[in-house]
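Here the structure is laid out as structure tokens; the discussion comes afterwards.
The values are calculated or read from the model by the stated rules, or taken from the named source; none is laboratory data. Just so it is clear, the structure is predicted and the values come from calculations on it, not from any experiment. Please note: Cβ atoms are built from the backbone with ideal geometry, for glycine as well, and neighbour counts cover all protein chains shown.
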Amino acid sequence: MSNEYMKNYMPSFITESKIFGNIYDAEVREFDTLEKKIEDLNNQLSIDTATWALSIYENEMSIKTDLTKSLDERRAVIKSKWRGTGKIDGKLIKMVADAYTNGEVDVAFDGKINIKFNSIIGIPSNLNDLKKALEDIKPVNLRLEYIFSYLLIKDIDGVKTLRQLEAIPLNKFAGGEING
């Protein structure tokens, strides 16, 4: 909102006054502050854009708040828990796993639950959160198995320079560090 916008609604003898000009300037600043607060509050109503309200979501869903995790990791835990209610089946497990990986997870049953990460190379950074969420919803008698995709020699030989290879974290290669 601008000072000029507000002045358009007042008679000219008021708009020409320095006193009222100062009052308008103060009101414009207050309206701008109020608009920013309203926008921030609206952002908190969605898990995807929430920041300070994530702790409220976590509390409501009995999730321990961990401020050492990134906002995206905390959002993934909340979404997963939110989706992870109801009858357990492959579709539900996929929805929960997808919340942690932004999709591209295949789920199969063969006496155990196999979760294959298709869109992530290496081990997802929030794997422990995913494991906990799935343990909370899966039947006790079924074991979970995680299948990861790694870079292969054919993916890098003649394709990447040494400098590019040095920039790739070890957990993207089979046998590399596990950060989850």
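Can you tell me which residue is nearest to residue 131 (Cα to Cα) among those in region 48-81 that are surrounded by fewer than 16 Cβ atoms within 10 Å (Cβ to Cβ) and hydrophobic (A, V, I, L, M, F, W, C)? In this case the residue turns out to be 61.
If you check 38, 88 for being of a type in the set (Val, Ile, Thr), in a helix (DSSP H, G or I) and either surrounded by 15 or more Cβ atoms within 10 Å (Cβ to Cβ) or more than 13 Å from the chain's Cα centre (by Cα) (or both), only one passes: 38. Here is a list: 165, 134, 142, 151. Which entry is under 29 Å from residue 58 (Cβ atoms), surrounded by 12 or more Cβ atoms within 10 Å (Cβ to Cβ) and at pLDDT below 85? Sole residue among the options that is under 29 Å from residue 58 (Cβ atoms), surrounded by 12 or more Cβ atoms within 10 Å (Cβ to Cβ) and at pLDDT below 85: 142.
Taking each residue of region 62-86 that is closer than 13 Å to residue 136 by Cβ and at pLDDT 85 or above and looking for partners that are of a type in the set (Lys, Arg) and not in a loop (DSSP other than H, G, I, E, B) with beta-carbon atoms closer than 7 Å, six or more apart or interchain, yields 63/81. Take the residues of region 116-131 that are touching a residue at least 40 places away in the same chain (Cβ under 8 Å) and over 27 Å from residue 61 (Cα atoms): which is surrounded by the fewest Cβ atoms within 10 Å (Cβ to Cβ)? My answer is 121.
Within region 14-26, residues that are under 15 Å from residue 4 (Cβ atoms) reach partners that are among the aliphatic types (A, V, I, L, M) with beta carbons closer than 8 Å, at six or more positions or on different chains, in the pairs 20/10; 20/14; 24/6. The criterion of being without any contact (Cβ under 8 Å) to a residue 40 or more places away in the chain, farther than 28 Å from residue 168 by Cα and surrounded by 13 or more Cβ atoms within 10 Å (Cβ to Cβ) does not hold for residue 99.
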